[in-house]
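A short worksheet on the structure shown next.
A short reminder: the numbers here are calculations on the coordinates, not readings from a lab. Small disclaimer: the values here were computed from a predicted structure and weren't measured. No Cβ is skipped: glycine too gets one built from the backbone with ideal geometry, and neighbour counts run over all protein chains shown.
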Amino acid sequence: CSIAVSVIVSILWDLINGTDERYILDRAKKFCYDYPEHTTEAIKYFNMSSLNEAKLNEQIGYVFKCMMCGLYAFINRNKPYKEVILDIILQGGDADTNAAVAGAILGAHQGYNSLPQEWISKIPFKNWLEDKLEIYLKNFY
């Protein structure tokens, strides 16, 4: 679990802080070596070339599968947000968690305006949520 969280947070941190994108995956991959008993398994997911390889519909809740979805989102960060998220969701398995992690990475790279407007318009209590977010961002920045 610690490896997967560290990898995802590393990618998010680097995207938000403007790290040269050529180095982001290598920096994140280093966390796989912090826990030698899980290194081989973590690296296996780093080296997968497709979502099908991850077999997302099997063994729901496995953190390395979720990590792989984050990696997939980063690798496909220049594709449309909706396309990448739907690719992940349609694989099944722990689709909500996998899409949330991928969405965070895509959002950090592409920004709010890349979110599908037809999805945003259907958010319950959207105005309330945006008001809360505005307050948070004013206090944070």
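Below 8 Å, C-alpha to C-alpha, sequence gap of six or more: please give me the relative contact order for the chain in percent.
For the chain, the relative contact order is 23 percent.
Grab the DSSP H runs of the chain that are 4 residues or longer, score each as -39,500 (n - 2.57), total them, divide by all residues and round the 222 nm result to the nearest 500 deg cm²/dmol.
That comes out to -19500 deg cm²/dmol.
Starting with the highest mean, order 132-139, 70-77 by the number of other Cβ atoms within 10 Å, averaged over the residues of each peptide.
On the way: 132-139: 9.5, 70-77: 22.2.
Packing order, densest peptide first, comes out as 70-77, 132-139.
Give the shape of region 85-124 as rounded, prolate or oblate, defined through the alpha-carbon gyration tensor: a ≥ b ≥ c are the square roots of its eigenvalues, a/c under 1.5 means rounded, and otherwise the shape is prolate if a/b is larger than b/c and oblate if not.
Oblate, since a/c reaches 1.5 and b/c is not below a/b.
Would you please classify the overall shape of region 65-132 from the alpha carbon gyration tensor, given that a ≥ b ≥ c denote the square roots of the eigenvalues, rounded means a/c under 1.5, and beyond that prolate means a/b larger than b/c while oblate covers the rest? Show your work: numbers first, answer last.
Details: a/c = 1.96, a/b = 1.57, b/c = 1.25.
Taking the square roots of the gyration eigenvalues as a ≥ b ≥ c, region 65-132 is prolate.
To make sure I understand the rule: partners must be lysines, Cα under 30 Å from the Cα of K138, and not fewer than 8 residues away in the same chain. Which ones qualify?
Counting by Cα, and skipping residues close in sequence, K138 has these lysines nearby: K82, K122, K126.
Using R₀ = 30 Å, calculate the FRET efficiency as 1/(1 + (r/R₀)^6) where r is the Cβ-Cβ separation of R22 and Y112; round to 0.05.
0.75
If each residue of separation counts as 0.36 nm, what is the full-extension length gain between D34 and N57 once their alpha-carbon separation is subtracted?
Stretched fully, the D34-N57 segment lengthens by 5.5 nm.
Radius of gyration and Dmax for the chain's Cα atoms, expressed in Å?
15.7, 46
If you take the square roots of the eigenvalues of the alpha-carbon gyration tensor of region 1-83 and sort them as a ≥ b ≥ c, do you get rounded (a/c under 1.5), prolate (a/b over b/c) or oblate?
It comes out oblate by the Cα gyration axes.
Springs between alpha-carbon pairs under 10 angstrom, Gaussian network model over the chain: which of W128, W119, W13 fluctuates most?
Top of the fluctuation ranking is W128.
Compute a Gaussian network model of the chain, connecting alpha carbons closer than 10 Å, and tell me which residue from E130, E41, E58 fluctuates the most.
In this elastic network of the chain, the residue with the biggest mean-square fluctuation among E130, E41, E58 is E130.
Based on alpha-carbon centroids, what's the gap between region 10-61 and region 80-119 in Å, whole number please?
After rounding, the separation between the Cα centres reads 17 Å.
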